[in-house]
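All remarks here apply to the structure that follows.
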Amino acid sequence: MSQIDLVAAILARDHARVAALLKAGADPEAADADSSALCHACFDGDKRLVAALLGAGADPARPDGRGFLPIHVAASKDRS
């Protein structure tokens, strides 16, 4: 299991796969070259995925590789 597996599941909005990966110990802080898993979920506006990542320990105050916080991403899509 790699970080990319969790990010790919987030991007595919595969709730079951995300839950399984997190249960298996996937890092909720996972990221790809573009952004963190949490920022991707916020960008898509998927509240269930955001809640799953936060529940697994994703830090909402941690910026992604571009310096954006999840709240910035959500607000930029009017999903605050």
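Tabulated data
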item	result
Of all residues making up region 1-17, the number that are among the charged types (D, E, K, R), more than 11 Å from the chain's Cα centre (by Cα) and open to solvent by 70 Å² or more (accessible area, probe 1.4 Å)	1
Residue within region 30-39 that is open to solvent by 70 Å² or more (accessible area, probe 1.4 Å) and over 18 Å from SER2 (Cα atoms) present	no
Condition check for ALA20: at pLDDT 95 or above and surrounded by fewer than 18 Cβ atoms within 10 Å (Cβ to Cβ)	yes
Among residues of region 47-70, those that are among the small types (Gly, Ala, Ser) and either in contact with a strand residue (DSSP E or B) (Cβ under 6 Å, 6 or more places away or on another chain) or part of a loop (DSSP other than H, G, I, E, B) (or both), counted	6
Every residue from region 43-80 that is of a type in the set (Gly, Ala, Ser) and either open to solvent by 20 Å² or more (accessible area, probe 1.4 Å) or without any contact (Cβ under 8 Å) to a residue 24 or more places away in the chain (or both)	GLY45, ALA51, ALA52, GLY55, ALA56, GLY57, ALA61, GLY65, GLY67, ALA75, SER76, SER80
Pair list, Cβ < 8 Å and 6+ apart or interchain, from region 19-42 residues that are within 14 Å of GLY57 (Cβ to Cβ) and β-branched (Val, Ile, Thr) to residues that are modelled with pLDDT of 95 or more and open to solvent by 20 Å² or more (accessible area, probe 1.4 Å)	none
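The values are calculated or read from the model by the stated rules, or taken from the named source; none is laboratory data. It should be emphasised that the depicted structure is a prediction, and the values quoted were computed from it without experimental measurement. Every residue, glycine as well, gets a Cβ built from its backbone with ideal geometry; the counts of neighbours run over all protein chains shown. Quick note on the areas: whole protein, heavy atoms, side chains included, nothing else; ligands and nucleic acids left out. Shrake-Rupley method; radii C 1.70, N 1.55, O 1.52, S 1.80 Å.
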